[in-house]
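Every read-out reported here was derived from the displayed coordinates using simple, explicitly stated rules and does not represent laboratory data. These numbers were taken from a predicted model, which means no experiment stands behind them. Every residue, glycine as well, gets a Cβ built from its backbone with ideal geometry; the counts of neighbours run over all protein chains shown.
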Amino acid sequence: MSSLLKTQHIQELIKKASGLTVEGGDARLKKITERFLTDTIRLIEDFNVTPSEFWYAANYLARVGQSGEIGLVVAGLGLEHFLDLLQDKVEEEAGLDVKSGTPRTIEGPLYIEGAPLSKGEARLDQLAENGEVLIMEGQVKDVAGKPVSGAIVDVWHANTKGNYSHFDQSQPAFNLRRRIETDGEGRYKFRSILPSGYAVPPEGTTNQFLKSIGRHGNRPAHIHFFVSAPGYRKLTTQINIEGDEYIYDDFAYATRDGLIPPVVRHSTAAEIQAKGLNEPFV
Ligand code: MBD
Ligand code: FE
């Protein structure tokens, strides 16, 4: 079959529809629109997409928007992970040291700004939830190994059901979300409960698509971090909890080497108490 895309009429249509034949407007947006239309028309022609398939897809995108799940779809398609790999490459080509530090990985769609801020340490869990006690401590260093005092570690994670406060009405505001300012040696410490893995809403628009292509919408148990300090670029990353069945089968492809720290299990209450941070949030 001959290609409509290659005809003069369609080539002119794409130029006109992209705003390239008129003055004014954003030049970069025009070129991107031209590419978008060219690639979309090529796809429709090559796959013989029918009008009913086309309108089904358009309606699906509208429903994704209405459901508030666009961030989930982007993560599930691996596009958010792709942006990380691209940023690594951009920084490496600019001569920055991207290998010495903690790797970046995706933010995801569930961050909420403005978590309570404290110095040095924090307790994240506000409910008497029957979770395994989690204590994490560390030191923020720059890529040269120098401790960074006064850095902000903004941490957020799911509860034992895989749900995040703000998106889950059964949790109080900012449960399992805190900002911790590192001490004079760049150290931070927090106590919380061990999160469970996340699953996309089973009846949602993301899962509808994932099921249609034979995939699942599960993430391994993980904890998110933004680490920022004046004069440094912000790090967006996560850690995974080792041993999780989805650790190398994350629907959002966020697991990276260097982001699976060892988990040390303590068997007695006394061992946990000795770690401190025993006062619950009030
Ligand atoms: C999450 O908790 C998450 O971290 C990502 C990336 C996508 C969906 C849910
Ligand atoms: Fe998450």
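For the chain, build the charge dipole from Cβ charges (+1 Lys, Arg; -1 Asp, Glu) around the Cα centre, then report which of Leu85, Thr160, Leu134 sits farthest towards its positive end.
Sorting the options by dipole projection puts first Leu85.
Can you give the angle from 0 to 90° between the axis of helix 51-67 and the longest principal axis of the chain, with both taken from C-alpha atoms, to the nearest 10?
Between the helix axis and the principal axis of the chain, the angle is about 30 degrees.
By its C-alpha gyration tensor, with a ≥ b ≥ c as the square roots of the eigenvalues, how is segment 76-273 shaped: rounded for a/c under 1.5, else prolate for a/b larger than b/c, else oblate?
Because a/c hits 1.5 or more and a/b fails to exceed b/c, segment 76-273 counts as oblate.
With +1 on each Lys and Arg Cβ and -1 on each Asp and Glu Cβ, and nothing else charged, work out how big the dipole of segment 220-273 is about its Cα centre, in Debye to the nearest 20.
Here segment 220-273 has a charge dipole of around 400 debye.
Which of the three applies to segment 1-49, rounded, prolate or oblate, going by the alpha-carbon gyration tensor with a ≥ b ≥ c and a/c under 1.5 meaning rounded?
Oblate.
Tell me the relative contact order for segment 140-213 as a rounded percent, counting alpha carbon contacts under 8 Å between residues six or more apart.
It comes to 34 percent, rounded to a whole number.
Hand me the trypsin sites (Lys or Arg not before Pro) from segment 99-137 located in a DSSP loop with no more than 16 other Cβ atoms within 10 Å, in residue order please.
Qualifying residues, ordered by number: Lys99.
Just report the Cα centroid separation between segment 1-75 and segment 91-159, whole Å.
Each part reduced to its Cα centre gives a spacing of 39 Å.
Would you mind getting me the FRET efficiency between Glu185 and Ala270? Use the beta-carbon distance for r and R0 = 22 Å, nearest 0.05.
0.25
Using a Gaussian network model of the chain whose springs link C-alpha atoms within less than 10 Å, name the residue from Val22, Val264, Val73 with the highest mean-square fluctuation.
Val22
Normalised by the number of residues in segment 76-273, what is the relative contact order in percent for Cα pairs under 8 Å and 6+ residues apart?
Averaging sequence separation for qualifying contacts and normalising by length gives 24 percent for segment 76-273.
For Ser149, put the label point 7 Å out on the Cα→Cβ axis and report which residues of segment 184-216 keep their amide N under 19 Å from it.
Counting only backbone N, you get 184-189.
What is the angle, in °, between the Cα long axis of helix 8-17 and the longest principal axis of the Cα atoms in the chain? Nearest 10 is fine, range 0 to 90.
50 degrees
Assigning unit charges at the beta carbon (Lys, Arg +1; Asp, Glu -1) and nothing else, what dipole magnitude in debye, to the nearest 20, does the chain show about its Cα centre?
That gives the chain a dipole magnitude of about 380 debye.
How far apart, in nanometres, would the label points at Thr38 and Thr21 be if each is projected 7 angstrom from Cα along the Cα-to-Cβ direction?
A separation of 1.7 nm, rounded to one decimal place.
Given the Cα-Cα distance of Tyr248 and Gln66 and 0.36 nm per residue of separation, how much length would full extension add, in nm?
Extending this stretch completely gives an extra 62.4 nm.
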